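*Asks:* This is the structure I want to talk about, given as structure tokens.
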């Protein structure tokens, strides 16, 4: 069974490859698009593919130099290491080959997503249900947006695809294990399990449960709907206060389990939000909250938590992130919000935010973290707003500086934008 490949969709060349690490008599060739100088590497199964000519012979050093220096050398070195027994034993290779075949043959849907939520492996069953062609590597959001537009894939009953994605993103990738049911257009039902490593890689396995008793399924659907409602802010679609504090509690546990990890928490508040409600009405204020939540959610990583604490106040949890990195991330988010209009009826009006940032320490509780964030946010409000204050060891300092230029997030017009007073 040929080893499944994960083509690099950002590559520059299409070459002919074959498996270097294989049993006697086993050989396969594949065309793969790669950056020059890199071997094709099947990460889930540690199978290396080397560049070959049409006759199947591995290209020599001169051939490797023509397509990218070092390609053949890497393949030869890897093969030599295996023959010397320094990589794995033959039995391990046999197991890997059987595992590859089983993953390709199973009716269960199997997919692997990287920390950026981009698809890196999918078996045929997954590709068939979610309309992913062999060789492409879309993000999870891209898969569901295009299927929704085409009227296929997952049944989505939310008012809009944006609201649905915001709701799912508030729970997806935040815990190590998550299971739920999914309704597919056409009558199929799936039981989906997501397993997330600490480095952000995710394994998705889904089984067809269409033939299970409908009464039991209806009960489970009602349970899933109730769970979603208990975790989701009704207006913005992101985590509600209860769920974001559950994620904050989990972050405390992660910090206690691995003290060397860096986790930060930030309390954010829209400046002069009352003026928006008083001037343009509460419907305009609600629209601002919705668009702001969507803007922040799309600007952070899948493993980060983001929820509405109440009113115009939001809590952000940044995992694997130092105070310095968190500051840069916040500056980019605040600049992104300040440079875009959040009111469709008044595009000249832009908003600012104030933020209170702290790091999560061993022995912290949700109460101690929230208290430090709140103190820092109060200081930011007192120092003129539109700034970040950091609370480190109970010492609060203002750190607002201009962020580094980011053309993707800073599409500002030449004129000075208006501000909500």
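*Asks:* Need one word for region 106-231: rounded, prolate or oblate. Basis is the Cα gyration tensor (sqrt eigenvalues a ≥ b ≥ c); a/c below 1.5 gives rounded, then a/b vs b/c decides.
*Replies:* Because its axes are fairly even, with a/c under 1.5, region 106-231 counts as rounded.
*Asks:* How do the peptides 346-353, 372-379 rank, highest first, by the average count of neighbouring beta carbon atoms within 10 Å per residue?
*Replies:* 372-379, 346-353
*Asks:* Kindly put 371, 107, 125 in sequence by how many other C-beta atoms sit within 10 Å of each C-beta, fewest to most.
*Replies:* 107, 371, 125
*Asks:* Using the 10 angstrom Cβ neighbour count as an exposure proxy, how do 191, 140 rank, fewest first?
*Replies:* 191, 140
*Asks:* Return the whole-Å distance between the Cα centroid of region 356-388 and the Cα centroid of region 255-269.
*Replies:* One Cα centre to the other: 12 Å.
*Asks:* Grab the Cα-Cα distance for residue 160 and residue 348, subtract it from 0.36 nm times how many residues apart they are, and report the gain in nm with one decimal.
*Replies:* Stretched out fully, the residue 160 to residue 348 stretch lengthens by 65.1 nm.
FYI, it's all coordinate maths here, none of it is from the lab. The structure displayed is predicted, hence computed values, not measured ones. Note: ideal-geometry Cβ built from the backbone for every residue, glycine included; neighbour counts use all protein chains shown.
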